[in-house]
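Every number here is computed from the coordinates shown, using simple stated rules; none is lab data. Small disclaimer: the values here were computed from a predicted structure and weren't measured. Every residue, glycine as well, gets a Cβ built from its backbone with ideal geometry; the counts of neighbours run over all protein chains shown.
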Amino acid sequence: QGQLVESGGGLVQAGGSLRVSCAASGRTFSTYAMGWFRQAPGKEREFVAAINWNGDSTDYADSVKGRFTISRDNAKNTLYLQMNSLKPEDTAVYYCAADFHGVARVRLGPSYWGQGTQVTVSS
């Protein structure tokens with residue numbers, strides 16, 4: 001059984017920055033592609049970003065390109081999402097995800113999910 005635990009969410013003003021983290025355990029997630037999704041109230045969960053197992057390939061939703069950066073530290077079994085220039089529309093629960101079969105599979109439907117961390121951006 002693998003476990004993904006998010007942390008670092010909180011309240012930030014528009015234009016500010018925040019970094020959320022995802023601690024992975026129970027499996028060799030260092031060999032998995034990983035990613036971030038988000039779900040705003042009343043909306044469906046949407047893809048945000050993904051990264052392959054060694055960090056040399058990334059994918060982003062158009063809505064966050066140039067503002068968000070996904071990264072990972074396999075020695076610490078931790079995934080990160082650095083969010084800059086935050087907007088009120090970025091307010092959502094942010095979920096960590098992972099899949100062995102690569103970035104494309106993470107984007108379409110990963111096998112592992114975390115419980116989420118709330119990010120609220122005030123205007």
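Annotations
- Separation between Cα centres of the stretch 95-110 and the stretch 55-78, rounded to whole Å: 13
- Sorted largest first, extent of the chain alpha carbons per principal axis (Å): 40, 28, 24
- 18 Å cut-off, amide nitrogen to a point 7 angstrom out along R19 Cα→Cβ, residues in the stretch 51-83: 51, 55-56, 66-83
- Exposure here means at most 14 other Cβ atoms within 10 Å; with trypsin sites (Lys or Arg not before Pro) in a DSSP loop as sites, the longest stretch of the chain lacking them is 77-123.
- Percent RCO, i.e. relative contact order, over the chain, from Cα pairs under 8 Å lying at least 6 residues apart: 36
- Calculated on the alpha-carbon coordinates, the convex hull of the stretch 52-123 measures out at 104 cubic angstrom per residue.
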